[in-house]
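Heads up, the thing below is written out as structure tokens.
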Amino acid sequence: MNNIKTLNNHELNRVSKNVVIAKFKEYGCQFIENERTLSIKSPDGRFIEIIVKSIRWPTEYVLILKKHMNPEQRNLYVSLVLYLEGTKPDLYLIPAEAFLNPNDLLRDRPNYKEPEFGMNVSNKNMPLLLPYKLENFFKNQKGTELI
């Protein structure tokens, strides 16, 4: 993998999309890359949309402009790719609906000049992020349809 420290934000997002695509391919999914999202098709034909966001630790805030995410879209997720130096990236999959109930991790800032959602990724908030590990998404789907 490229040295993530030397990548600009656009390059890092490109690498992160590839990481997410590779992980979903492991589960037999297909994908369509759109301008701002990935459309993931499960082996049984169901679709989810994913907004890919990435962060280099110890950076703590991930911004998602509200004009790019409708939290009421049931099949929309935010995939967070968290890069820690010297390790493989950690992947998280957060349903957009979760932003309807903001907390210390998931932020809703409607009164900003450009209204936004965000994720405050810090050591303190890691326990709130852990349930969204990508592996948990697939474990929760066992015995049911993948997506």
If you scan region 35-53, which residues turn out to be modelled with pLDDT of 95 or more and of a type in the set (Gly, Ala, Ser)? Ser39
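Among the residues of region 40-51, what is the count of those that are open to solvent by less than 10 Å² (accessible area, probe 1.4 Å) and either without any contact (Cβ under 8 Å) to a residue 60 or more places away in the chain or over 16 Å from the mean Cα position of the chain (by Cα) (or both)? Walk me through how you get there before you give the answer.
Initial filter on region 40-51 (open to solvent by less than 10 Å² (accessible area, probe 1.4 Å)): 40, 42, 48, 50.
If we keep only those that are either without any contact (Cβ under 8 Å) to a residue 60 or more places away in the chain or over 16 Å from the mean Cα position of the chain (by Cα) (or both) too, we end up with 42, 50.
Result for region 40-51: 2.
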Working only within region 60-85, note down all residues that are in contact (Cβ under 8 Å) with a residue 60 or more places away in the chain and loosely packed, with under 13 Cβ neighbours inside 10 Å. Tyr61, Glu85
Over region 86-135, the set of residues touching a Ser or Thr at 6+ places or on another chain (Cβ under 9 Å) and either surrounded by 15 or more Cβ atoms within 10 Å (Cβ to Cβ) or at pLDDT below 95 (or both) is Pro89, Leu91, Tyr92, Leu93, Ile94, Leu105, Val121, Leu134
Residue identified as touching a helix residue (DSSP H, G or I) at 6+ places or on another chain (Cβ under 7 Å) and among the polar types (S, T, N, Q) among Ser16, Ser39, Ser79: Ser79
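The values are calculated or read from the model by the stated rules, or taken from the named source; none is laboratory data. Not measured: the values here are computed from a predicted model. Neighbour counts are summed over all protein chains in view; Cβ atoms, including those assigned to glycine, are modelled from backbone coordinates with ideal geometry. When the accessible area is computed, the model is the full protein with side chains, heavy atoms only, and any ligands, DNA or RNA have been set aside. Shrake-Rupley method; radii C 1.70, N 1.55, O 1.52, S 1.80 Å.
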